[in-house]
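The values are calculated or read from the model by the stated rules, or taken from the named source; none is laboratory data. Remember, it's a predicted structure, so these values are computed and weren't measured experimentally. Reconstructed Cβ throughout: ideal geometry from the backbone, glycine too, with neighbour counts over all protein chains shown. Ligands, DNA and RNA are stripped out before the accessible areas are found, and what is left, the full protein with its side chains, is counted by its heavy atoms. Shrake-Rupley method; radii C 1.70, N 1.55, O 1.52, S 1.80 Å.
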Amino acid sequence: MAIALFVGLLLTVGFTLAGWTVFWLFRYIAVGANDHRTSLDALAPRVSGFIHYVLGQARVIREFGGFLHFFIFWVFLVLQAETMEYFLRAFFPTFRLSAIFGDTAYAMILLVQDIFGFLVLTALVAAAIRRYVVR
């Protein structure tokens, strides 16, 4: 129970700090000019741009360091499933993703997460070497 209370306190602090950051970001955005666009104007190019520039990391993969950034970005997204499972276990100790996906699929998910964990460690070491050794 004490661990759940501690995790809840950390979450409260984390969400408060994130909310404060979002508040200040919206204040900066509010200073900008209105482009009189509705939420559905040019939806297809906007979704395409999101896929290309956010998910595809198109602006950063032009060089080797950008490729490392792209790889680290996607590995951490994959590892979020494991993080969310552990987070939910803090509040619901009997929760298991295997109940949703089945034991075989869950074992495969864990294998992929372990492989990606090793790969991200390798990519982080490569990024550190690139930054601090090979300038």
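The figures follow:
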| item | result |
| --- | --- |
| Lone qualifier among GLY19, GLY32 - being out of contact with any Lys or Arg (no Cβ under 7 Å at 6 or more places or on another chain), modelled with pLDDT of 90 or more and open to solvent by less than 60 Å² (accessible area, probe 1.4 Å) | GLY19 |
| Residue satisfying all of: in the stretch 56-109; free of Cβ contacts under 8 Å to residues at least 24 places away in the same chain and in contact with an Asp or Glu (Cβ under 9 Å, 6 or more places away or on another chain); most open to solvent (accessible area, probe 1.4 Å) among these | ARG96 |
| Filter pass, TYR53 being within 25 Å of GLY8 (Cβ to Cβ) and either surrounded by 12 or more Cβ atoms within 10 Å (Cβ to Cβ) or not aliphatic (A, V, I, L, M) (or both) | no |
| Selection status of PHE95, touching a Leu at 6+ places or on another chain (Cβ under 9 Å) and of a type outside the set (Asp, Glu) | yes |
| Qualifying position, being over 30 Å from VAL7 (Cα atoms), in a helix (DSSP H, G or I) and hydrophobic (A, V, I, L, M, F, W, C), among ILE29, ILE100, ILE72 | ILE29 |
| Filter pass, ARG59 being charged (D, E, K, R), at pLDDT 85 or above and not in a helix (DSSP H, G or I) | yes |
